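The values are calculated or read from the model by the stated rules, or taken from the named source; none is laboratory data. Everything quoted here is computed from the prediction, not taken from an experiment. When we count neighbours, we look across all protein chains shown, and the Cβ atoms used for this are built from the backbone with ideal geometry, even at glycine. Please note that ligands, DNA and RNA were not included when accessible areas were found on the heavy atoms of the full protein model with its side chains. Shrake-Rupley method; radii C 1.70, N 1.55, O 1.52, S 1.80 Å.
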Amino acid sequence: METTEQRVLAIDVGGTKLAVGVVDGEGRVLENLRTATPQPGVTDSGEMIFRTLLGLVAELKTDPAEFVGVGVGCGGPMRWPQGEVSPLNIEAWRGFPLRARLAEAFPGLPVRVHNDAICLAVAEHWRGAGMHTEDMLGMVVSTGVGGGLILGGRLIDGHSGNAGHIGHVIVHADEPQCACGSIGCLEAIASGPRLTGWAAQQGWRPGVPADQRTGRDLVDDARRSHPIALKALARAGRALGLAIAAATVLGDLQVVAIGGGLSQAGPLLFDPLEATLRERLRLDFAREVRVVPAALGQEAGLVGAAALIVHPECYWSPTD
């Protein structure tokens, strides 16, 4: 079958949204549907979420008989490649056998599940900001900070499937404490919730209740030249620059593509990031790295999930 004729069922599972789509063999999204992730109680089995996901798939116009495989990006952690998922932001799924359940729903089709941040990295390498490069890091800076690593034109999984998890690179020796239990992780400084929390401690008071403040509110105030909001984004940019500098030297990277909600801040985030990066990169080979916004927007998760099926030689190392 020609790649343009392939149809992959692509799924992107997040704490706030479920997205499904049909992606062809060239990475074009032919259909794209999304809905809010149900929020059942902690003791719920998670079946409500899975039923909602299958219901959304059923709304696609493409005949399921046309699918050549099912690719999935989901928040972690997870047992990989088994696809048993325990997303931190979906409390009802703990050890949920997502891959096995989808294999039951779509018998005879390959089902491949990977971390959602890794799927963004794969998408940007295949069809986005990292096209025509061999060595890149894709990053998501949003509710959390995650990433995926491409070296030599192939996704690097690591022994547990968590390679590229740049959100837990240490960028500060003494504070703050991260949800993972460590001290000074990038995610503990640059993620949206941590950044808005820090700004509030400094006296930032946007016109919304504390439990509704988001990174977007912070960015909006920074664009209005609010001094604390500007300082917060500079703090995040510096932390990102430090982490990316370390990753660049370690991986000999050509490109770092950054997506996620906070990346929409543009120069307010990227300027302090770039200043820190150039300050810290002194080796000639490392100075060539380019840090750019991710190119594929909200479709990146679906495109990356489809790539697990379309190009396993680059993006899927298990034998199944």
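Per-residue answers, yes or no, for (1) more than 23 Å from the chain's Cα centre (by Cα); (2) of a type in the set (S, T, N, Q); (3) assigned to a loop (DSSP other than H, G, I, E, B):
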| residue | (1), (2), (3) |
| --- | --- |
| Leu269 | no, no, no |
| Leu273 | no, no, no |
| Arg278 | yes, no, no |
| Arg282 | yes, no, yes |
| Ala286 | yes, no, no |
| Ala295 | no, no, yes |
| Ala300 | no, no, no |
| Val303 | no, no, no |
| Ala306 | no, no, no |
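Being of a type in the set (S, T, N, Q) and over 22 Å from His168 (Cα atoms), is that true of even one residue in segment 83-94?
No, because not a single residue in segment 83-94 is of a type in the set (S, T, N, Q) and over 22 Å from His168 (Cα atoms).
In the set Thr62, Thr35, which member is surrounded by 14 or more Cβ atoms within 10 Å (Cβ to Cβ), part of a loop (DSSP other than H, G, I, E, B) and among the hydroxyl-bearing types (Ser, Thr, Tyr)? Steps first, please.
Details: Thr35 fails: part of a loop (DSSP other than H, G, I, E, B).
Unique residue meeting the criteria: Thr62.
Out of segment 141-162, which residues are closer than 28 Å to Gly297 by Cβ, over 13 Å from the mean Cα position of the chain (by Cα) and in a loop (DSSP other than H, G, I, E, B)?
Of everything in segment 141-162, those that are closer than 28 Å to Gly297 by Cβ, over 13 Å from the mean Cα position of the chain (by Cα) and in a loop (DSSP other than H, G, I, E, B) turn out to be Gly152, Gly153, Asp157, Gly158, Gly161.
Is segment 211-224 home to any residue that is crowded, with 16+ Cβ neighbours inside 10 Å, in contact with an Asp or Glu (Cβ under 8 Å, 6 or more places away or on another chain) and hydrophobic (A, V, I, L, M, F, W, C)?
no
Only residues that are among the hydrophobic types (A, V, I, L, M, F, W, C), more than 22 Å from Ala200 (Cβ to Cβ) and touching a residue at least 40 places away in the same chain (Cβ under 8 Å): list them for segment 217-263, please.
Within segment 217-263, Leu242, Ala243, Ile244, Ala245, Ala246, Ala247, Leu253, Val255, Val256, Ala257, Ile258 meet the criteria.
If you check Ile228, Ile244, which single one turns out to be more than 25 Å from Asp284 (Cβ to Cβ), β-branched (Val, Ile, Thr), at pLDDT 95 or above and not in a loop (DSSP other than H, G, I, E, B)? Give the derivation first.
Working: Ile244 fails: more than 25 Å from Asp284 (Cβ to Cβ).
Ile228 is the lone residue from the list that is more than 25 Å from Asp284 (Cβ to Cβ), β-branched (Val, Ile, Thr), at pLDDT 95 or above and not in a loop (DSSP other than H, G, I, E, B).
Is there a residue being among the hydrophobic types (A, V, I, L, M, F, W, C), more than 13 Å from Val20 (Cβ to Cβ), without any contact (Cβ under 8 Å) to a residue 24 or more places away in the chain and surrounded by fewer than 21 Cβ atoms within 10 Å (Cβ to Cβ) anywhere in segment 76-95?
No, because not a single residue in segment 76-95 is among the hydrophobic types (A, V, I, L, M, F, W, C), more than 13 Å from Val20 (Cβ to Cβ), without any contact (Cβ under 8 Å) to a residue 24 or more places away in the chain and surrounded by fewer than 21 Cβ atoms within 10 Å (Cβ to Cβ).
Given the criteria touching a residue at least 40 places away in the same chain (Cβ under 8 Å), in a loop (DSSP other than H, G, I, E, B) and open to solvent by 40 Å² or more (accessible area, probe 1.4 Å), does Leu54 qualify?
no
Tally the residues that are touching an Asp or Glu at 6+ places or on another chain (Cβ under 7 Å), open to solvent by 60 Å² or more (accessible area, probe 1.4 Å) and not in a helix (DSSP H, G or I), restricting the search to segment 164-192.
Of segment 164-192, the ones touching an Asp or Glu at 6+ places or on another chain (Cβ under 7 Å) are 167-168, 178, 183-184.
Cutting the leftovers down to open to solvent by 60 Å² or more (accessible area, probe 1.4 Å) gives us 168, 183.
Remaining after also requiring not in a helix (DSSP H, G or I): 183.
Within segment 164-192, residues that are touching an Asp or Glu at 6+ places or on another chain (Cβ under 7 Å), open to solvent by 60 Å² or more (accessible area, probe 1.4 Å) and not in a helix (DSSP H, G or I) number 1.
Can we say Gly251 is open to solvent by 30 Å² or more (accessible area, probe 1.4 Å) and of a type outside the set (Lys, Arg)?
Details: open to solvent by 30 Å² or more (accessible area, probe 1.4 Å): no; of a type outside the set (Lys, Arg): yes.
No, not satisfied.
Quick check: anything in segment 22-32 surrounded by fewer than 16 Cβ atoms within 10 Å (Cβ to Cβ) and among the polar types (S, T, N, Q)?
Among the residues of segment 22-32, not one is surrounded by fewer than 16 Cβ atoms within 10 Å (Cβ to Cβ) and among the polar types (S, T, N, Q), which makes the answer no.
Just to be sure, is Ile150 modelled with pLDDT of 95 or more, among the β-branched types (Val, Ile, Thr), open to solvent by less than 10 Å² (accessible area, probe 1.4 Å) and under 30 Å from Ser317 (Cβ atoms)?
Spelling it out, Ile150 is indeed modelled with pLDDT of 95 or more, among the β-branched types (Val, Ile, Thr), open to solvent by less than 10 Å² (accessible area, probe 1.4 Å) and under 30 Å from Ser317 (Cβ atoms).
Conditions (1) at pLDDT 95 or above; (2) open to solvent by less than 50 Å² (accessible area, probe 1.4 Å); (3) in contact with a Pro (Cβ under 7 Å, 6 or more places away or on another chain); (4) over 25 Å from Ser191 (Cβ atoms), marked per residue:
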| position | (1), (2), (3), (4) |
| --- | --- |
| Gly71 | yes, yes, no, yes |
| Leu98 | yes, yes, no, no |
| Ala103 | yes, yes, no, yes |
| Pro107 | yes, no, no, yes |
| Arg112 | yes, yes, no, yes |
| His125 | yes, yes, no, no |
| Asp135 | yes, yes, no, yes |
| Gly138 | yes, yes, no, no |
| Asn162 | no, no, no, no |
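Looking only at segment 79-96, which residues are assigned to a strand (DSSP E or B) and touching a Lys or Arg at 6+ places or on another chain (Cβ under 9 Å)?
Listed by number, the residues that qualify are Glu84, Val85.
Starting from residues that are β-branched (Val, Ile, Thr) and in contact (Cβ under 8 Å) with a residue 60 or more places away in the chain, keep the ones in segment 264-320 and report whichever is surrounded by the most Cβ atoms within 10 Å (Cβ to Cβ).
Val303
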